[in-house]
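See structure below.
Quick note: the coordinates plus some simple rules give every number you see, no bench work behind them. Every value quoted in this text rests on a predicted model; they were computed, and no experiment measured them. Ideal geometry is used to build each Cβ from the backbone, glycine not excepted, and the neighbour counts take in all protein chains shown.
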Amino acid sequence: MSTIYQLKRKLSLKKKQHSRTPALKKCPQVKGAVKKARIVTPRKPNSARRPVAKVILNNKKRVTAHIPGIGHNIRSHSSVLVRGGGARDLPGVRYSCVRGVYDFVGLINKKRRRSIYGAKQDTKGKKPRRKFRIK
């Protein structure tokens, strides 16, 4: 039988919450410099060639970040903005680079899900939006 003190001590112990993105240190994004950009292959059962970048963040942490989208212009010493959430099938890749910020250009000719890929809205050939409905 446990004593009251033992029960009280057990209740006071709280589970520590661990961060999924420890290198960001509770910031939404962090700027970094690319050390090396390369291609890796995902784990089973997937098969592809996924681009990743080794990045040294401004807080002196080294991380591996996924490069989203088709094609990229990232080279060594490029400046990138890194956010949490990497590729699920790449082990050890917990971060992603943000497109359209610093040296990392956004995609062109992207119509849907543009905010993820840093694509600007196409204004050519679009009708101006009316403020009020005419009856």
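Taking 17 Å as the straight-line reach from the Cα of Lys35, the aspartates and glutamates in range (excluding those fewer than 8 positions away in the same chain) are Asp103.
Quick one: order Lys131, Lys126 by neighbouring beta-carbon count within 10 Å, fewest to most.
Details: Lys131 5, Lys126 8.
Exposure proxy ranking, most exposed first: Lys131, Lys126.
Near the amide H of Ala119, within less than 5 Å, lie the amide hydrogens of Leu107, all on another chain or at least 5 residues away, with H placed in the peptide plane. If the cut-off is a Cα-Cα distance under 25 Å, which lysines reach Lys111, setting aside same-chain residues fewer than 8 apart in sequence? Partners within reach: Lys120, Lys124, Lys126, Lys127, Lys131. Let me know the charge dipole size of the chain about its Cα centre in debye, to the nearest 20, where only the beta-carbon of Lys, Arg (+1) and Asp, Glu (-1) is charged. With Lys and Arg at +1 and Asp and Glu at -1, about 700 debye. You can think of it this way: the chain between Ser19 and Asp103 has 27.4 nm of extra reach, that is 0.36 nm per residue less the Cα-Cα gap. Arranged from fewest to most other beta-carbon atoms within 10 Å of their beta carbon, Tyr117, Tyr95, Tyr5, Tyr102 become Tyr5, Tyr102, Tyr117, Tyr95.
Within a straight-line Cα-Cα reach of under 29 Å, Lys8 can be paired with the following lysines, leaving aside sequence neighbours fewer than 8 residues apart in one chain: Lys16.
Separation of the alpha carbons by more than 23 angstrom is noted, of Lys15/Lys44; Lys26/Lys60; Lys36/Lys61, for Lys15/Lys44. For Asp103, nonlocal amide neighbours, meaning residues 5 or more places apart or on other chains whose placed amide H falls under 5 Å from its own, are Ser79.
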